[in-house]
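Remarks on the structure that follows.
The values are calculated or read from the model by the stated rules, or taken from the named source; none is laboratory data. On a predicted model such as this, the values are computed, not experimentally measured, just so you know. Reconstructed Cβ throughout: ideal geometry from the backbone, glycine too, with neighbour counts over all protein chains shown.
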Amino acid sequence: MIIRKMIVVSLFVATTALAQDNIDVINLKNGDIIKGQIIENVINDYIKVELVGGSILTYKYDDIESIKVEKPATNTFGSGPRAKKNQPSATISVMRDCYNDGYKSGQSVSTGGPMMGGLAGGFFGGLIGWGVVYAVVGGGSPEPNTYELQDLDGTCKSDYREGYKQGAQKARKSSANIGGALGTLLLASLILNASTSTY
C-alpha cells in the first residue's frame, strides 16, 4: 500500500515537472500575447496565468482569441531519423458557447416598444390589455443582425440564433410586464380617484 502511494506521488511529481516545462501562450483579441503558466482555468469563464516573474494575471474567456502550448527548445541527441528534435507548439482553440453569446446579445435588444405597448394595453384594457400585449410580444421571433452571424459555422449559427431569440423574448416580455403593470396601476388609481371624488 505504501509502495503504491509512493508510485502515485512519484508519477504526479514527474508529470507536474514535465508540465512545467511547457509554456502557455495566450493570444488576446486585442493583439496582446501573454506567456506563462496557466495556474487556474475555469472553462468558459476565466483563466489565471503566472508570468515568469511571479505576477499572476486573470483573463476572461471573452477576451481570449486562442491558447497555445509551446514546448521549450530541446537539444537534439544523436543524429538520423530517430534523433529527438524540437517539439512543435500545439494550439488549443477556445470553445465558444454560441447559445449564451446569442442569449447575451438578445438581452440587449431595445425594449422601449414593448414597454410602451404594455403601458397602453394596461391603461386602456386593464389586465386583459396587459395580457394581450404580453402574448403579442411573446409570439414574436426576433432575429440577430446579419453581421453577428457572418463568422459563425452552421451549428454555432443556429445555437446563436436560438439563444438570441430566447434572450430577446425574455427582455421584451419583462419590459411588457413592467409597462402593463404600470398601465394597470394607473388605470386602477384613476378609477379609485373617480369613485372617491363622487362622494
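Data for the structure
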item	result
Residues located in segment 27-54, provided they are of a type in the set (A, V, I, L, M) and out of contact with any strand residue (DSSP E or B) (no Cβ under 7 Å at 6 or more places or on another chain)	Val42, Ile43
The listed residue being farther than 28 Å from Asp101 by Cα, touching a Phe, Trp or Tyr at 6+ places or on another chain (Cβ under 8 Å), surrounded by 15 or more Cβ atoms within 10 Å (Cβ to Cβ) and aliphatic (A, V, I, L, M), out of Leu182, Leu149, Leu187, Leu119	Leu187
Answer residue from segment 25-47, given it is touching an Asp or Glu at 6+ places or on another chain (Cβ under 9 Å) and of a type in the set (A, V, I, L, M, F, W, C) and is nearest to Val69 (Cα to Cα) among those	Val25
Filter result for the condition that a residue is in contact (Cβ under 8 Å) with a residue 24 or more places away in the chain and more than 30 Å from the chain's Cα centre (by Cα), over Leu192, Leu127	Leu127
Condition met for Gly126 (assigned by TED's automatic domain parsing to the domain that holds Gly154, surrounded by 12 or more Cβ atoms within 10 Å (Cβ to Cβ) and modelled with pLDDT under 90)	yes
Residue selected from segment 131-177 under the condition within 15 Å of Gly113 (Cβ to Cβ) and basic (Lys, Arg), by the criterion nearest to the chain's Cα centre (by Cα)	Arg172
Residue within segment 39-59 that is surrounded by 11 or more Cβ atoms within 10 Å (Cβ to Cβ), on the phi > 0 side of the Ramachandran plot, modelled with pLDDT under 80 and within 31 Å of the chain's Cα centre (by Cα) present	yes
Qualifying residue in segment 104-125 (condition: over 27 Å from Thr184 (Cβ atoms) and part of a helix (DSSP H, G or I))	yes
Some residue of segment 131-150 being acidic (Asp, Glu), closer than 23 Å to Asp62 by Cα and not in a loop (DSSP other than H, G, I, E, B)	yes
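Here is a yes/no grid of residues against (1) outside the structural domain of Pro142 (by TED's automatic domain parsing); (2) assigned to a helix (DSSP H, G or I); (3) over 26 Å from Gly139 (Cα atoms); (4) charged (D, E, K, R):
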residue: Leu152; (1), (2), (3), (4): no, no, yes, no
residue: Tyr164; (1), (2), (3), (4): no, yes, no, no
residue: Lys170; (1), (2), (3), (4): no, yes, no, yes
residue: Asn177; (1), (2), (3), (4): no, yes, no, no
residue: Thr184; (1), (2), (3), (4): no, yes, no, no
residue: Ile191; (1), (2), (3), (4): no, yes, yes, no
